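The values are calculated or read from the model by the stated rules, or taken from the named source; none is laboratory data. Bear in mind that the values here come from a model prediction, so they are computed numbers and not experimental data. Heads up, the Cβs are rebuilt from the backbone with ideal geometry, glycines too, and the neighbour counts pull from every protein chain shown. Quick note on the areas: whole protein, heavy atoms, side chains included, nothing else; ligands and nucleic acids left out. Shrake-Rupley method; radii C 1.70, N 1.55, O 1.52, S 1.80 Å.
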Amino acid sequence: MDSYLEKVLKETNEKNSHEPEFLQAVEEVLTSIEPVLKRHPEYKQMALLERIVEPERIISFRVPWVDDAGQTRVNRGYRVQFNGALGPYKGGLRFHPTVNQSIMKFLGFEQIFKNALTGLPIGGGKGGSDFDPKGKSDAEIMRFCQSFMTELQRHIGQDVDVPAGDIGVGAREIGYLFGQYRRIKDVYEAGVLTGKGLDYGGSLVRKEATGYGLIYFMREMLKADGQSFKGKNVIISGSGNVAIYACEKAREYGANVVAMSDSNGCIYDKSGINLDTIKKLKEVERLRIKEYLKYHPSAVYTENKPGEIPAVYNIKADIALPCATQNDIELQAAELLVKNGVIAIGEGANMPCSNEAIKYFIDKGVLVAPAKAANAGGVATSALEMSQNSMRYFWTFEEVDKKLDDIMTNIFKASQESAKEYGYGKNYVAGANIAGFRRIAKAMKSQGII
Ligand code: NDP
(Lines give C-alpha, C1' and ligand atoms only; values in the text may rest on other atoms or scores of the structure.)
Protein backbone atom coordinates (compact mmCIF):
# COMPACT_ATOMS: atom_id res chain seq x y z
CA MET A 1 0.00 0.00 0.00
CA ASP A 2 1.12 3.59 -0.73
CA SER A 3 3.03 4.84 2.35
CA TYR A 4 1.11 8.15 2.55
CA LEU A 5 -2.22 6.32 2.39
CA GLU A 6 -1.07 3.83 5.02
CA LYS A 7 -0.02 6.65 7.36
CA VAL A 8 -3.35 8.49 7.00
CA LEU A 9 -5.36 5.31 7.57
CA LYS A 10 -3.31 4.49 10.67
CA GLU A 11 -3.68 7.99 12.14
CA THR A 12 -7.42 8.10 11.35
CA ASN A 13 -7.88 4.74 13.07
CA GLU A 14 -5.98 5.89 16.15
CA LYS A 15 -7.83 9.20 16.43
CA ASN A 16 -11.30 7.73 15.90
CA SER A 17 -10.97 4.26 17.37
CA HIS A 18 -14.39 4.56 19.04
CA GLU A 19 -16.17 5.26 15.72
CA PRO A 20 -16.36 1.95 13.80
CA GLU A 21 -18.90 3.02 11.15
CA PHE A 22 -16.89 6.14 10.32
CA LEU A 23 -13.68 4.12 10.03
CA GLN A 24 -15.42 1.60 7.77
CA ALA A 25 -16.55 4.39 5.41
CA VAL A 26 -13.08 5.98 5.36
CA GLU A 27 -11.33 2.68 4.67
CA GLU A 28 -13.68 1.90 1.77
CA VAL A 29 -12.99 5.23 0.07
CA LEU A 30 -9.29 5.67 0.76
CA THR A 31 -8.18 2.18 -0.23
CA SER A 32 -9.83 2.55 -3.63
CA ILE A 33 -8.28 5.91 -4.51
CA GLU A 34 -4.68 4.67 -4.19
CA PRO A 35 -4.03 4.86 -7.96
CA VAL A 36 -5.21 8.50 -8.01
CA LEU A 37 -2.67 9.40 -5.32
CA LYS A 38 0.10 8.01 -7.52
CA ARG A 39 -0.80 10.59 -10.18
CA HIS A 40 -1.04 13.42 -7.64
CA PRO A 41 1.99 13.39 -5.35
CA GLU A 42 1.17 17.01 -4.37
CA TYR A 43 -1.81 15.79 -2.30
CA LYS A 44 0.59 14.52 0.35
CA GLN A 45 2.33 17.85 0.80
CA MET A 46 -0.99 19.67 1.15
CA ALA A 47 -2.31 16.98 3.57
CA LEU A 48 -5.35 16.55 1.39
CA LEU A 49 -6.36 13.19 2.85
CA GLU A 50 -5.83 14.32 6.46
CA ARG A 51 -8.13 17.28 5.73
CA ILE A 52 -10.77 15.25 3.90
CA VAL A 53 -11.26 12.85 6.84
CA GLU A 54 -11.61 15.69 9.39
CA PRO A 55 -15.05 17.38 9.48
CA GLU A 56 -14.93 21.16 9.09
CA ARG A 57 -17.20 21.31 12.13
CA ILE A 58 -19.35 19.07 14.36
CA ILE A 59 -22.23 20.60 16.28
CA SER A 60 -23.84 18.64 19.11
CA PHE A 61 -26.69 19.95 21.22
CA ARG A 62 -29.34 19.20 23.84
CA VAL A 63 -32.93 18.65 22.65
CA PRO A 64 -35.40 18.83 25.56
CA TRP A 65 -39.09 18.20 24.89
CA VAL A 66 -42.23 17.30 26.83
CA ASP A 67 -44.14 14.06 26.08
CA ASP A 68 -47.94 13.69 26.12
CA ALA A 69 -47.87 12.58 29.75
CA GLY A 70 -46.15 15.83 30.78
CA GLN A 71 -42.76 14.17 31.34
CA THR A 72 -39.68 16.06 30.12
CA ARG A 73 -37.38 14.03 27.87
CA VAL A 74 -33.89 14.87 26.62
CA ASN A 75 -32.26 13.74 23.37
CA ARG A 76 -28.99 14.62 21.69
CA GLY A 77 -28.96 16.47 18.36
CA TYR A 78 -26.11 16.63 15.81
CA ARG A 79 -25.08 18.40 12.66
CA VAL A 80 -21.81 17.42 11.01
CA GLN A 81 -20.68 20.03 8.47
CA PHE A 82 -18.11 17.82 6.83
CA ASN A 83 -16.91 19.51 3.68
CA GLY A 84 -18.13 22.74 2.05
CA ALA A 85 -15.71 22.94 -0.89
CA LEU A 86 -18.40 22.34 -3.53
CA GLY A 87 -21.29 24.31 -2.05
CA PRO A 88 -23.50 24.71 1.05
CA TYR A 89 -23.38 21.62 3.28
CA LYS A 90 -26.16 19.29 2.17
CA GLY A 91 -27.40 16.05 3.68
CA GLY A 92 -30.31 14.57 5.57
CA LEU A 93 -31.39 14.39 9.19
CA ARG A 94 -31.82 10.94 10.76
CA PHE A 95 -34.03 10.37 13.80
CA HIS A 96 -33.30 6.88 15.14
CA PRO A 97 -32.25 5.54 18.56
CA THR A 98 -28.97 4.21 17.11
CA VAL A 99 -27.76 7.69 16.07
CA ASN A 100 -24.38 8.64 17.55
CA GLN A 101 -21.33 10.60 16.40
CA SER A 102 -19.84 7.66 14.50
CA ILE A 103 -23.04 7.17 12.46
CA MET A 104 -23.29 10.92 11.79
CA LYS A 105 -19.67 11.10 10.66
CA PHE A 106 -19.90 8.07 8.39
CA LEU A 107 -23.02 9.48 6.75
CA GLY A 108 -21.47 12.96 6.42
CA PHE A 109 -18.27 11.52 4.94
CA GLU A 110 -20.20 9.45 2.36
CA GLN A 111 -22.26 12.52 1.52
CA ILE A 112 -19.16 14.49 0.38
CA PHE A 113 -18.45 12.04 -2.44
CA LYS A 114 -22.11 11.39 -3.27
CA ASN A 115 -22.79 15.09 -3.68
CA ALA A 116 -19.62 15.50 -5.75
CA LEU A 117 -20.83 12.72 -8.07
CA THR A 118 -24.08 14.56 -8.83
CA GLY A 119 -22.04 17.34 -10.45
CA LEU A 120 -24.20 19.88 -8.59
CA PRO A 121 -22.94 22.66 -6.27
CA ILE A 122 -23.47 20.98 -2.89
CA GLY A 123 -21.06 20.21 -0.04
CA GLY A 124 -21.32 17.27 2.37
CA GLY A 125 -23.11 17.26 5.72
CA LYS A 126 -25.43 15.14 7.85
CA GLY A 127 -27.36 15.46 11.08
CA GLY A 128 -29.97 13.93 13.30
CA SER A 129 -30.82 12.75 16.76
CA ASP A 130 -31.09 9.61 18.88
CA PHE A 131 -34.82 10.40 19.18
CA ASP A 132 -37.06 7.41 18.35
CA PRO A 133 -40.16 8.51 16.40
CA LYS A 134 -41.76 5.03 16.67
CA GLY A 135 -44.87 5.04 18.83
CA LYS A 136 -44.85 8.84 19.32
CA SER A 137 -48.00 10.89 18.77
CA ASP A 138 -48.12 13.63 16.12
CA ALA A 139 -48.02 16.25 18.87
CA GLU A 140 -44.88 14.69 20.39
CA ILE A 141 -43.19 14.59 16.98
CA MET A 142 -44.06 18.27 16.49
CA ARG A 143 -42.72 19.33 19.89
CA PHE A 144 -39.52 17.38 19.33
CA CYS A 145 -39.00 18.90 15.85
CA GLN A 146 -39.63 22.41 17.21
CA SER A 147 -37.08 21.95 20.00
CA PHE A 148 -34.54 20.42 17.58
CA MET A 149 -34.90 23.35 15.17
CA THR A 150 -34.72 25.95 17.95
CA GLU A 151 -31.05 25.03 18.26
CA LEU A 152 -30.28 23.93 14.68
CA GLN A 153 -31.50 27.21 13.14
CA ARG A 154 -28.32 29.01 14.33
CA HIS A 155 -26.21 26.79 12.12
CA ILE A 156 -28.14 26.46 8.83
CA GLY A 157 -29.36 28.67 5.97
CA GLN A 158 -30.02 28.37 2.22
CA ASP A 159 -26.40 29.38 1.43
CA VAL A 160 -24.88 27.76 4.53
CA ASP A 161 -26.28 24.30 5.22
CA VAL A 162 -29.45 22.73 3.85
CA PRO A 163 -30.79 19.65 5.69
CA ALA A 164 -33.35 17.16 4.32
CA GLY A 165 -34.92 13.85 5.45
CA ASP A 166 -33.40 10.44 6.12
CA ILE A 167 -34.50 7.51 8.33
CA GLY A 168 -37.34 8.69 10.58
CA VAL A 169 -37.57 12.11 8.92
CA GLY A 170 -40.15 12.44 6.16
CA ALA A 171 -42.54 15.12 4.90
CA ARG A 172 -44.30 15.44 8.28
CA GLU A 173 -41.07 16.15 10.19
CA ILE A 174 -39.70 18.49 7.50
CA GLY A 175 -42.98 20.46 7.73
CA TYR A 176 -42.66 20.93 11.50
CA LEU A 177 -38.94 21.80 11.20
CA PHE A 178 -39.61 24.34 8.44
CA GLY A 179 -42.46 25.94 10.40
CA GLN A 180 -40.26 26.48 13.44
CA TYR A 181 -37.37 27.86 11.33
CA ARG A 182 -39.72 30.37 9.67
CA ARG A 183 -41.18 31.37 13.03
CA ILE A 184 -37.80 32.00 14.68
CA LYS A 185 -36.07 33.65 11.70
CA ASP A 186 -39.14 35.61 10.56
CA VAL A 187 -38.23 35.03 6.93
CA TYR A 188 -39.62 32.80 4.18
CA GLU A 189 -36.38 31.07 3.24
CA ALA A 190 -37.77 28.12 1.26
CA GLY A 191 -34.30 26.84 0.29
CA VAL A 192 -33.21 26.16 3.88
CA LEU A 193 -34.67 22.64 3.92
CA THR A 194 -35.52 20.19 1.15
CA GLY A 195 -38.12 17.43 1.01
CA LYS A 196 -40.78 20.03 1.75
CA GLY A 197 -44.48 19.52 0.98
CA LEU A 198 -45.54 20.39 -2.56
CA ASP A 199 -47.83 23.16 -1.30
CA TYR A 200 -44.99 25.17 0.29
CA GLY A 201 -41.90 24.91 -1.89
CA GLY A 202 -41.28 21.19 -2.31
CA SER A 203 -40.29 19.66 -5.62
CA LEU A 204 -42.20 17.10 -7.61
CA VAL A 205 -40.32 13.76 -7.72
CA ARG A 206 -38.37 14.46 -4.46
CA LYS A 207 -40.40 11.79 -2.66
CA GLU A 208 -39.70 9.22 -5.38
CA ALA A 209 -36.17 10.40 -6.21
CA THR A 210 -33.89 8.11 -4.21
CA GLY A 211 -35.77 4.93 -5.13
CA TYR A 212 -36.29 5.88 -8.78
CA GLY A 213 -32.69 7.08 -9.03
CA LEU A 214 -31.41 3.75 -7.70
CA ILE A 215 -33.30 1.91 -10.42
CA TYR A 216 -32.13 4.35 -13.14
CA PHE A 217 -28.51 3.74 -12.07
CA MET A 218 -29.07 -0.03 -12.02
CA ARG A 219 -30.78 0.03 -15.42
CA GLU A 220 -27.56 1.50 -16.87
CA MET A 221 -25.34 -0.92 -14.92
CA LEU A 222 -27.37 -3.94 -16.08
CA LYS A 223 -27.49 -2.61 -19.65
CA ALA A 224 -23.68 -2.34 -19.75
CA ASP A 225 -23.66 -6.06 -18.88
CA GLY A 226 -26.26 -7.00 -21.49
CA GLN A 227 -28.96 -7.47 -18.82
CA SER A 228 -32.18 -5.76 -17.70
CA PHE A 229 -34.82 -5.81 -14.94
CA LYS A 230 -37.31 -7.59 -17.17
CA GLY A 231 -38.46 -10.88 -15.65
CA LYS A 232 -36.01 -10.68 -12.72
CA ASN A 233 -37.04 -11.59 -9.18
CA VAL A 234 -36.13 -8.81 -6.76
CA ILE A 235 -35.93 -8.69 -2.95
CA ILE A 236 -35.91 -5.35 -1.11
CA SER A 237 -34.90 -4.83 2.50
CA GLY A 238 -36.81 -2.00 4.14
CA SER A 239 -40.26 -0.63 3.35
CA GLY A 240 -39.61 3.08 3.88
CA ASN A 241 -39.23 5.92 1.42
CA VAL A 242 -36.33 4.50 -0.60
CA ALA A 243 -37.65 0.91 -0.64
CA ILE A 244 -41.18 1.85 -1.76
CA TYR A 245 -40.12 3.92 -4.78
CA ALA A 246 -37.36 1.50 -5.79
CA CYS A 247 -40.06 -1.16 -5.82
CA GLU A 248 -42.38 1.03 -7.91
CA LYS A 249 -39.79 1.75 -10.62
CA ALA A 250 -38.34 -1.79 -10.70
CA ARG A 251 -41.85 -3.11 -11.37
CA GLU A 252 -42.37 -0.55 -14.10
CA TYR A 253 -39.27 -2.05 -15.76
CA GLY A 254 -40.78 -5.54 -15.61
CA ALA A 255 -39.22 -6.92 -12.42
CA ASN A 256 -41.17 -9.08 -9.97
CA VAL A 257 -40.56 -7.75 -6.44
CA VAL A 258 -41.23 -10.77 -4.23
CA ALA A 259 -40.16 -9.54 -0.78
CA MET A 260 -39.94 -6.42 1.37
CA SER A 261 -39.16 -6.00 5.07
CA ASP A 262 -38.97 -3.79 8.14
CA SER A 263 -36.79 -4.12 11.20
CA ASN A 264 -39.05 -6.85 12.64
CA GLY A 265 -39.25 -9.19 9.67
CA CYS A 266 -40.10 -9.75 6.03
CA ILE A 267 -43.04 -10.46 3.78
CA TYR A 268 -42.68 -12.90 0.89
CA ASP A 269 -45.37 -12.75 -1.78
CA LYS A 270 -44.32 -14.89 -4.71
CA SER A 271 -46.81 -13.42 -7.16
CA GLY A 272 -45.40 -9.95 -6.44
CA ILE A 273 -45.68 -7.58 -3.47
CA ASN A 274 -48.81 -5.41 -3.56
CA LEU A 275 -47.29 -1.93 -3.35
CA ASP A 276 -50.60 -0.17 -2.65
CA THR A 277 -50.89 -2.19 0.55
CA ILE A 278 -47.30 -1.37 1.55
CA LYS A 279 -47.88 2.36 0.92
CA LYS A 280 -51.08 2.28 2.99
CA LEU A 281 -49.34 0.46 5.88
CA LYS A 282 -46.15 2.49 5.87
CA GLU A 283 -46.95 5.95 4.45
CA VAL A 284 -50.41 6.41 5.94
CA GLU A 285 -51.03 4.13 8.92
CA ARG A 286 -47.39 3.76 10.11
CA LEU A 287 -47.89 0.07 10.96
CA ARG A 288 -45.59 -2.97 10.96
CA ILE A 289 -45.12 -4.90 7.70
CA LYS A 290 -46.58 -8.01 9.31
CA GLU A 291 -50.04 -6.40 8.89
CA TYR A 292 -49.68 -7.13 5.14
CA LEU A 293 -50.98 -10.64 5.90
CA LYS A 294 -54.40 -9.23 6.82
CA TYR A 295 -54.86 -8.09 3.23
CA HIS A 296 -52.94 -10.89 1.49
CA PRO A 297 -53.27 -14.07 3.57
CA SER A 298 -51.39 -16.19 1.03
CA ALA A 299 -48.16 -14.21 1.65
CA VAL A 300 -45.60 -15.51 4.14
CA TYR A 301 -44.18 -13.49 7.06
CA THR A 302 -40.85 -14.39 8.67
CA GLU A 303 -39.63 -12.70 11.83
CA ASN A 304 -36.00 -11.54 12.10
CA LYS A 305 -33.97 -13.28 14.81
CA PRO A 306 -31.36 -11.28 16.74
CA GLY A 307 -27.82 -12.03 15.60
CA GLU A 308 -29.02 -13.86 12.47
CA ILE A 309 -29.07 -12.83 8.80
CA PRO A 310 -32.16 -10.63 8.17
CA ALA A 311 -34.95 -12.93 6.95
CA VAL A 312 -35.35 -11.11 3.63
CA TYR A 313 -31.92 -12.32 2.45
CA ASN A 314 -33.01 -15.96 2.79
CA ILE A 315 -35.30 -15.52 -0.19
CA LYS A 316 -33.98 -16.57 -3.58
CA ALA A 317 -33.73 -13.70 -6.05
CA ASP A 318 -31.76 -12.37 -9.04
CA ILE A 319 -31.37 -8.87 -7.63
CA ALA A 320 -31.19 -7.61 -4.03
CA LEU A 321 -31.85 -3.99 -3.11
CA PRO A 322 -30.81 -3.24 0.49
CA CYS A 323 -32.82 -0.08 1.25
CA ALA A 324 -32.97 -0.12 5.08
CA THR A 325 -29.83 0.66 7.04
CA GLN A 326 -26.05 0.26 7.31
CA ASN A 327 -24.34 -3.15 7.53
CA ASP A 328 -27.53 -5.03 6.72
CA ILE A 329 -25.51 -7.40 4.50
CA GLU A 330 -22.43 -8.80 6.19
CA LEU A 331 -20.24 -11.56 4.77
CA GLN A 332 -22.58 -14.42 5.74
CA ALA A 333 -25.58 -12.79 4.07
CA ALA A 334 -23.44 -12.05 1.00
CA GLU A 335 -22.45 -15.73 0.78
CA LEU A 336 -26.08 -16.79 1.03
CA LEU A 337 -27.18 -14.34 -1.67
CA VAL A 338 -24.47 -15.57 -4.04
CA LYS A 339 -25.38 -19.19 -3.31
CA ASN A 340 -28.98 -18.33 -4.16
CA GLY A 341 -27.92 -16.93 -7.54
CA VAL A 342 -28.01 -13.16 -7.10
CA ILE A 343 -26.44 -11.30 -10.05
CA ALA A 344 -26.65 -7.68 -8.86
CA ILE A 345 -26.86 -5.65 -5.66
CA GLY A 346 -28.26 -2.11 -5.58
CA GLU A 347 -27.35 -0.16 -2.46
CA GLY A 348 -30.37 2.07 -1.81
CA ALA A 349 -29.39 2.54 1.83
CA ASN A 350 -26.12 4.14 2.93
CA MET A 351 -23.35 1.55 3.46
CA PRO A 352 -25.78 -1.41 3.63
CA CYS A 353 -22.98 -3.87 2.78
CA SER A 354 -19.92 -4.36 4.96
CA ASN A 355 -16.54 -3.95 3.24
CA GLU A 356 -16.03 -7.75 3.41
CA ALA A 357 -19.42 -8.32 1.75
CA ILE A 358 -18.60 -5.89 -1.08
CA LYS A 359 -15.26 -7.55 -1.68
CA TYR A 360 -16.95 -10.97 -1.75
CA PHE A 361 -19.57 -9.83 -4.28
CA ILE A 362 -16.95 -8.30 -6.55
CA ASP A 363 -14.71 -11.37 -6.35
CA LYS A 364 -17.71 -13.52 -7.32
CA GLY A 365 -18.55 -11.31 -10.32
CA VAL A 366 -21.76 -9.90 -8.79
CA LEU A 367 -22.45 -6.35 -10.00
CA VAL A 368 -22.59 -3.83 -7.15
CA ALA A 369 -24.29 -0.42 -7.54
CA PRO A 370 -22.57 1.48 -4.70
CA ALA A 371 -24.64 3.66 -2.36
CA LYS A 372 -22.69 6.87 -2.97
CA ALA A 373 -23.56 6.71 -6.64
CA ALA A 374 -26.76 4.69 -6.75
CA ASN A 375 -28.72 6.52 -4.04
CA ALA A 376 -27.54 10.01 -5.05
CA GLY A 377 -30.88 10.70 -6.76
CA GLY A 378 -32.39 11.93 -3.49
CA VAL A 379 -29.82 14.61 -2.85
CA ALA A 380 -29.65 15.50 -6.56
CA THR A 381 -33.39 16.18 -6.57
CA SER A 382 -32.99 18.13 -3.34
CA ALA A 383 -30.53 20.34 -5.21
CA LEU A 384 -33.15 20.70 -7.98
CA GLU A 385 -35.65 21.71 -5.26
CA MET A 386 -33.16 24.41 -4.13
CA SER A 387 -32.87 25.64 -7.75
CA GLN A 388 -36.66 25.91 -8.07
CA ASN A 389 -36.85 27.74 -4.73
CA SER A 390 -34.22 30.25 -5.92
CA MET A 391 -36.10 30.78 -9.20
CA ARG A 392 -39.46 30.95 -7.35
CA TYR A 393 -40.75 28.57 -9.98
CA PHE A 394 -41.78 24.92 -10.38
CA TRP A 395 -40.85 22.32 -12.92
CA THR A 396 -43.35 19.61 -13.94
CA PHE A 397 -43.03 15.99 -12.77
CA GLU A 398 -41.75 15.00 -16.22
CA GLU A 399 -39.14 17.77 -16.25
CA VAL A 400 -37.71 16.85 -12.84
CA ASP A 401 -37.85 13.12 -13.58
CA LYS A 402 -35.95 13.64 -16.84
CA LYS A 403 -33.26 15.68 -15.06
CA LEU A 404 -33.00 12.95 -12.38
CA ASP A 405 -32.67 10.23 -15.03
CA ASP A 406 -29.95 12.23 -16.84
CA ILE A 407 -28.05 12.82 -13.58
CA MET A 408 -28.16 9.12 -12.63
CA THR A 409 -27.10 8.07 -16.13
CA ASN A 410 -24.17 10.50 -15.95
CA ILE A 411 -23.18 9.22 -12.49
CA PHE A 412 -23.11 5.68 -13.87
CA LYS A 413 -20.99 6.81 -16.84
CA ALA A 414 -18.55 8.67 -14.55
CA SER A 415 -18.23 5.60 -12.28
CA GLN A 416 -17.77 3.32 -15.27
CA GLU A 417 -15.16 5.55 -16.92
CA SER A 418 -13.13 5.99 -13.71
CA ALA A 419 -13.24 2.24 -13.05
CA LYS A 420 -11.98 1.59 -16.56
CA GLU A 421 -9.31 4.33 -16.49
CA TYR A 422 -7.82 3.11 -13.20
CA GLY A 423 -7.94 -0.62 -14.00
CA TYR A 424 -10.91 -1.60 -11.83
CA GLY A 425 -13.01 -3.25 -14.58
CA LYS A 426 -16.64 -3.58 -13.46
CA ASN A 427 -15.86 -2.55 -9.89
CA TYR A 428 -18.18 0.47 -9.76
CA VAL A 429 -17.58 0.85 -6.02
CA ALA A 430 -14.01 1.90 -6.74
CA GLY A 431 -15.09 3.77 -9.88
CA ALA A 432 -17.61 5.91 -7.97
CA ASN A 433 -15.15 6.59 -5.14
CA ILE A 434 -12.53 7.76 -7.62
CA ALA A 435 -14.92 9.93 -9.67
CA GLY A 436 -16.26 11.64 -6.52
CA PHE A 437 -12.81 12.03 -4.98
CA ARG A 438 -11.31 13.64 -8.08
CA ARG A 439 -13.94 16.39 -8.11
CA ILE A 440 -13.67 17.20 -4.43
CA ALA A 441 -9.85 16.98 -4.40
CA LYS A 442 -9.60 19.42 -7.31
CA ALA A 443 -11.87 21.93 -5.56
CA MET A 444 -9.97 21.60 -2.26
CA LYS A 445 -6.65 22.09 -4.03
CA SER A 446 -7.92 25.25 -5.75
CA GLN A 447 -9.19 26.72 -2.49
CA GLY A 448 -5.87 26.49 -0.62
CA ILE A 449 -5.09 25.18 2.84
CA ILE A 450 -8.32 25.64 4.80
P1 NDP B 1 -37.36 5.43 6.23
O2 NDP B 1 -37.35 5.86 7.63
O3 NDP B 1 -38.42 5.90 5.31
O4 NDP B 1 -37.37 3.82 6.16
C5 NDP B 1 -36.35 3.08 6.75
C6 NDP B 1 -36.64 1.60 6.52
O7 NDP B 1 -35.52 0.84 6.94
C8 NDP B 1 -37.82 1.10 7.33
O9 NDP B 1 -38.44 0.03 6.66
C10 NDP B 1 -37.14 0.63 8.61
O11 NDP B 1 -37.88 -0.36 9.35
C12 NDP B 1 -35.87 0.02 8.07
N13 NDP B 1 -34.81 0.11 9.09
C14 NDP B 1 -34.34 1.24 9.67
N15 NDP B 1 -33.41 0.94 10.59
C16 NDP B 1 -33.31 -0.38 10.59
C17 NDP B 1 -32.50 -1.28 11.31
N18 NDP B 1 -31.64 -0.88 12.25
N19 NDP B 1 -32.64 -2.59 11.02
C20 NDP B 1 -33.52 -3.02 10.09
N21 NDP B 1 -34.32 -2.21 9.38
C22 NDP B 1 -34.20 -0.91 9.62
O23 NDP B 1 -35.91 5.80 5.67
P24 NDP B 1 -35.43 5.98 4.16
O25 NDP B 1 -36.13 5.03 3.27
O26 NDP B 1 -35.45 7.42 3.86
O27 NDP B 1 -33.88 5.56 4.28
C28 NDP B 1 -33.43 4.22 4.09
C29 NDP B 1 -31.95 4.23 3.79
O30 NDP B 1 -31.70 5.00 2.60
C31 NDP B 1 -31.05 4.85 4.86
O32 NDP B 1 -29.81 4.16 4.88
C33 NDP B 1 -30.84 6.26 4.36
O34 NDP B 1 -29.65 6.84 4.88
C35 NDP B 1 -30.72 6.01 2.88
N36 NDP B 1 -30.98 7.17 2.01
C37 NDP B 1 -32.17 7.84 2.06
C38 NDP B 1 -32.39 8.91 1.23
C39 NDP B 1 -33.71 9.60 1.17
O40 NDP B 1 -33.88 10.45 0.27
N41 NDP B 1 -34.67 9.30 2.02
C42 NDP B 1 -31.33 9.40 0.33
C43 NDP B 1 -30.15 8.58 0.29
C44 NDP B 1 -29.99 7.53 1.14
P45 NDP B 1 -38.56 0.06 10.73
O46 NDP B 1 -39.74 0.90 10.34
O47 NDP B 1 -38.94 -1.24 11.34
O48 NDP B 1 -37.54 0.80 11.52
| query | Just checking, how many residues over the stretch 187-199 are in a loop (DSSP other than H, G, I, E, B) and under 15 Å from residue 161 (Cβ atoms)? | reply | 4
| query | Which residue out of 131, 95 is more than 18 Å from the chain's Cα centre (by Cα), open to solvent by less than 30 Å² (accessible area, probe 1.4 Å) and touching a residue at least 60 places away in the same chain (Cβ under 8 Å)? | reply | 131
| said: Can you tell me which condition residue 249 does not meet? The list is (1) under 18 Å from the mean Cα position of the chain (by Cα); (2) open to solvent by 20 Å² or more (accessible area, probe 1.4 Å); (3) not polar (S, T, N, Q), and all the others hold. | reply: (2)
| said: Looking only at the stretch 242-261, how many residues end up being in contact (Cβ under 8 Å) with a residue 60 or more places away in the chain and near the ligand (Cβ under 10 Å from one of its atoms)? | reply: 4
| Matching option when the condition is in contact (Cβ under 8 Å) with a residue 24 or more places away in the chain, of a type in the set (Phe, Trp, Tyr) and closer than 19 Å to residue 176 by Cβ, among 82, 113, 109, 61 | 61
| said: Looking at 174, 156 in this structure, which one is within 12 Å of the ligand (Cβ to nearest atom), among the β-branched types (Val, Ile, Thr) and within 21 Å of residue 190 (Cα to Cα)? | reply: 174
| said: Step by step: first the residues of the stretch 140-196, then only those that are among the β-branched types (Val, Ile, Thr) and over 26 Å from residue 391 (Cβ atoms), then the one that is surrounded by the most Cβ atoms within 10 Å (Cβ to Cβ). Which residue is that? | reply: 167
| note | When the stretch 207-241 is checked residue by residue, the ones that are more than 18 Å from residue 282 (Cα to Cα) and open to solvent by less than 10 Å² (accessible area, probe 1.4 Å) are 213, 214, 215, 216, 217, 218, 221, 222, 229, 234
| field | Residues satisfying the stated conditions in the stretch 417-432, i.e. open to solvent by 50 Å² or more (accessible area, probe 1.4 Å) and either farther than 28 Å from residue 30 by Cα or in a helix (DSSP H, G or I) (or both) | value | 417, 420, 421
| remark: When restricted to 57, 62, 39, 76, the only residue among the basic types (Lys, Arg), open to solvent by 90 Å² or more (accessible area, probe 1.4 Å) and under 13 Å from residue 109 (Cα atoms) is 57
| said: Looking only at helices (runs of 4 or more DSSP H) that lie completely in the stretch 76-186, which have at least 2 residues being more than 25 Å from residue 373 (Cα to Cα) and modelled with pLDDT of 95 or more? | reply: 138-152, 171-185
